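As structure tokens, the structure follows; a few thoughts come after it.
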Number of protein chains: 2
Amino acid sequence: MAFKTLGAKAAAALDKELMSSGAFSLDQLMELAGLSVSQVVYRVHPITKGPKILVAVGPGNNGGDGLVAARHLRHYGYQPTIYYPKRPKNELYQRLTKQLEDLNIPFVDDFPDALKSADHVLDAIFGFSFSGEVREPFPAVINAMAETKIPVTSVDAPSSWNIEDGPPSEGVGSNFHPDVLISLTAPKPLVKHFKGLHFIGGRFVAPSIAKKYDFDVPEYEGLDQIVEVEAAGQKL
Amino acid sequence: MAFKTLGAKAAAALDKELMSSGAFSLDQLMELAGLSVSQVVYRVHPITKGPKILVAVGPGNNGGDGLVAARHLRHYGYQPTIYYPKRPKNELYQRLTKQLEDLNIPFVDDFPDALKSADHVLDAIFGFSFSGEVREPFPAVINAMAETKIPVTSVDAPSSWNIEDGPPSEGVGSNFHPDVLISLTAPKPLVKHFKGLHFIGGRFVAPSIAKKYDFDVPEYEGLDQIVEVEAAGQKL
């Protein structure tokens with residue numbers, strides 16, 4: 001089953017529409033997106049495989065999804081650790097951060113060091129709005145995620161990948177191939193280069209909106225906020 | 001296992017604290033509360049028992065939880081119908097209403113009539129801030145819920161019950177005994193009069209906050225946002 005993809009511009013327009021005529025608040029969407037992400041980690045990395053989840057958090061909404069996921073994972077019994085080097089002054093991110101602090105979740109400054117004791121990594125650095133070059137301090141983080149033997153789950157996009165074209169041909173990210181990807185609302189074109197486990201999450205899109213943006217709402221099961229789909233890259 | 005209860009004043013103070021020092025927004029809390037409610041309905045009334053859920057929505061936050069639950073239930077495949085006679089101008093409730101309209105969920109004006117074709121009723125009229133008399137147009141709704149043979153699930157409190165003392169000794173609500181109750185964050189004192197299936201939901205309270213308010217965070221399982229607990233009334 002091939003899923004239609006949503007390019008960077010269409011994904012931005014969809015987000016904007018969900019928050020205008022769709023009447024969702026960013027708080028709501030981020031809560032549901034982060035919940036989906038936490039369910040993917042629970043599915044691919046049960047707590048019995050090791051409770052320590054290192055979450056790499058970027059400066060934008062992708063990072064916010066990671067903060068929400070970390071909170072849910074903590075409630076499931078995991079032990080998340082947060083690497084969050086660039087913190088915007090935005091009030092929502094400050095609140096999500098405070099919620100993690102209240103759960104005694106540690107924030108760390110040295111990503112490669114924290115990686116040594118992690119069981120699983122959540123890559124919530126860049127999402128569909130990423131383009132251009134990876135700025136400091138993230139090149140070393142992406143290199144570390146590319147080289148580690150610990151499984152990595154990426155949120156919406158493997159960070160550093162071009163949303164349309166996939167992994168860069170050289171430099172930072174060219175050798176970064178995460179094990180798991182969760183596409184939020186709809187896969188982005190980069191999925192054709194992805195060969196790992198692929199999920200779609202974000203069970204909140206009305207069929208009328210999906211139709212307008214010409215993508216498919218997948219068949220979720222039961223209470224699941226996520227569904228595993230065939231990675232497009234597996235067909236290459 | 002007896003759970004500590006949270007009186008009306010303490011529940012109001014907890015809500016206030018979650019949204020101040022706890023750094024949650026009302027959007028976030030309502031999304032998670034409504035998600036819990038939807039999971040209870042899914043548990044006690046699987047879709048195979050009938051997809052038609054009639055949701056009675058009150059004018060405050062309890063009603064907001066019902067609106068969120070209806071949206072999730074729609075995504076699970078149920079066919080909710082909404083009775084929402086008193087709609088505050090509050091922007092959040094208007095947005096939650098629009099989200100349901102976008103899913104083509106019908107809003108009805110005649111509750112007793114809608115009840116005739118419903119398979120399950122969700123009572124989201126009044127929550128922990130209710131006191132005093134049941135105002136129009138809700139007396140007839142509560143009477144209808146008291147008399148129906150269709151199972152009723154109440155959110156946080158059986159509507160019309162006094163939060164501390166339980167069902168009124170006479171008049172509206174004196175004969176209202178819903179089949180299922182979901183207590184949000186912690187049971188209210190009225191649970192000692194409740195004899196049906198009892199759940200706790202709202203998996204977002206930090207242990208430090210629960211400790212401050214002297215209630216227990218229940219042992220949730222897996223990804224569940226709800227947990228079934230023994231109804232205190234069963235011990236009477």
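Looking only at region B:153-176, decide whether some residue is outside any loop (DSSP other than H, G, I, E, B) and either among the β-branched types (Val, Ile, Thr) or touching a residue at least 60 places away in the same chain (Cβ under 8 Å) (or both). There is at least one residue in region B:153-176 that is outside any loop (DSSP other than H, G, I, E, B) and either among the β-branched types (Val, Ile, Thr) or touching a residue at least 60 places away in the same chain (Cβ under 8 Å) (or both).
Scanning region B:111-126 for residues that are open to solvent by 10 Å² or more (accessible area, probe 1.4 Å) and either under 20 Å from the mean Cα position of the chain (by Cα) or without any contact (Cβ under 8 Å) to a residue 24 or more places away in the chain (or both) turns up B:112, B:113, B:114, B:115, B:116, B:118, B:119, B:126.
Scanning region B:131-160 for residues that are under 18 Å from the mean Cα position of the chain (by Cα) and aliphatic (A, V, I, L, M) returns B:134, B:141, B:142, B:144, B:145, B:146, B:150, B:152, B:155, B:157. Can you find even one residue in region B:92-100 that is farther than 14 Å from residue A:23 by Cβ and modelled with pLDDT of 95 or more? No, the conditions are met nowhere in region B:92-100. Taking (1) modelled with pLDDT of 95 or more; (2) farther than 13 Å from residue B:122 by Cα in turn, residue B:88 satisfies each apart from (1). Could you please let me know if residue B:34 is over 30 Å from residue B:112 (Cβ atoms) and crowded, with 17+ Cβ neighbours inside 10 Å? The answer is no for residue B:34. Taking residue B:139 as the residue in question, decide whether it is more than 14 Å from chain A (Cβ to nearest Cβ) and open to solvent by 30 Å² or more (accessible area, probe 1.4 Å). So residue B:139 does not fit the description; no. Within region A:4-26, restricting attention to residues that are aliphatic (A, V, I, L, M) and surrounded by fewer than 19 Cβ atoms within 10 Å (Cβ to Cβ), which residue is farthest from residue B:68 (Cα to Cα)? Checked region A:4-26; the qualifying residue farthest from residue B:68 (Cα to Cα) is A:10. Regarding residue A:101, is this residue within 14 Å of chain B (Cβ to nearest Cβ), more than 25 Å from residue B:96 (Cα to Cα), charged (D, E, K, R) and more than 19 Å from the chain's Cα centre (by Cα)? Yes. Residues in region B:41-57 that are touching a Ser or Thr at 6+ places or on another chain (Cβ under 8 Å) and surrounded by fewer than 24 Cβ atoms within 10 Å (Cβ to Cβ): B:44, B:45, B:52.
Against the definition (surrounded by fewer than 21 Cβ atoms within 10 Å (Cβ to Cβ), more than 14 Å from chain B (Cβ to nearest Cβ) and of a type in the set (Val, Ile, Thr)), how does residue A:163 come out, yes or no? Answer is no for this residue. Annotation: residue B:102 fulfils all but one of (1) under 29 Å from residue B:200 (Cβ atoms); (2) without any contact (Cβ under 8 Å) to a residue 40 or more places away in the chain; the unmet one is (1). When restricted to residues that are within 23 Å of residue A:93 (Cβ to Cβ), out of contact with any helix residue (DSSP H, G or I) (no Cβ under 7 Å at 6 or more places or on another chain) and not in a helix (DSSP H, G or I), region A:107-130 contains 5.
The values are calculated or read from the model by the stated rules, or taken from the named source; none is laboratory data. Since we're looking at a predicted model, the values are computed, not measured. A quick note on method: Cβ atoms are made from the backbone with ideal geometry, for glycine too, and the neighbour counts reach across all protein chains shown. Note: accessible area is taken over every heavy atom of the protein model, side chains too, but ligands, DNA and RNA are not part of it. Shrake-Rupley method; radii C 1.70, N 1.55, O 1.52, S 1.80 Å.
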